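Participant: Got a structure for you, written out below as structure tokens; questions coming shortly.
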Amino acid sequence: MESGLSSLLSVSIDFETSHLFFPRIIHWILAGLFALILVTKVAPFMAAVKRGERKLPIVGEARDSFRFFGTLVLIVAYFYLMAVVGNMFPYTGYGFLFVSMGFVLLMAFLYMHEWTKKAVITAVITAIVAPSLAWFVLAKLFKITLP
């Protein structure tokens with residue numbers, strides 16, 4: 001009897017796979033929530049589309065192709081150049097700082113509808129201050145290594 005009780009109260013941990021315990025739980029919770037959303041929101045919406053009561057979003061709508069593809073190009077260039085510039089100044093975070101300044105400025109110019117002096121000055125100031133503040137907080141205060 002005692003051996004059965006001691007086996008019930010003993011715990012063995014497989015340290016090679018123990019770190020996967022909570023991610024598996026989270027994955028199953030997220031999968032369940034996704035299925036719940038599909039059943040409660042997407043299925044009725046698609047039924048309404050099939051009946052002609054609603055339209056699919058995005059399909060057939062006008063798109064600003066210049067801004068759309070410009071954004072994609074800037075994002076790809078941002079990540080690529082951050083590594084390139086970061087290798088020029090290793091372990092300083094200057095790759096993040098300098099490339100983020102350019103990225104924020106170019107994104108502001110890309111989405112700027114009216115090119116007034118005030119709007120351009122605001123974009124330049126934002127492109128300098130926001131990444132500098134983020135760089136200072138992350139790299140200097142919290143000592144997080146940036147590219």
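Read the figures in this text as sums done on the coordinates, not as results from a lab. These figures come from a predicted structure and were not determined experimentally. All Cβ positions, glycine included, derive from the backbone under ideal geometry; neighbour counts span all protein chains shown.
Participant: Assign unit charges at the C-beta atoms only (+1 for Lys and Arg, -1 for Asp and Glu), then state the dipole size of the chain relative to its Cα centre in Debye, rounded to the nearest 20. Display every interim value, and only then the final one.
Facilitator: Working: 12 positive and 7 negative charges, 146 e Å.
Once rounded to the nearest 20, the dipole reads 700 debye.
Participant: For region 81-147, just list the percent of Cα-Cα distances falling in each 5 Å bin from zero outward, please.
Facilitator: Values per bin, smallest distances first: 4, 20, 23, 20, 15, 9, 7, 3.
Participant: Just to verify a number: FRET efficiency for Ile125 and Phe34, C-beta to C-beta distance, R0 = 35 Å, to 0.05?
Facilitator: Working: r = 42 Å, r/R0 = 1.20.
Efficiency, from the Cβ-Cβ distance: 0.25.
Participant: Additional query: Which of Arg54, Arg67, Arg24 ends up with the largest GNM mean-square fluctuation for the chain, with Cα atoms connected below 10 Å?
Facilitator: Residue with maximal mean-square fluctuation among Arg54, Arg67, Arg24: Arg24.
Participant: From Cα coordinates alone, what are the radius of gyration and Dmax values for region 23-117 in angstrom?
Facilitator: Both quantities, over Cα of region 23-117: 21.3, 59 Å.
Participant: On a 0 to 90 degree scale, rounded to 10, what angle separates helix 117-135 from the longest Cα axis of the chain?
Facilitator: It works out to around 30 degrees.
Participant: Okay, moving on. So, in Å, what gap is there between the alpha-carbon centers of region 66-94 and region 18-49?
Facilitator: Cα centres, region 66-94 to region 18-49: 34 Å.
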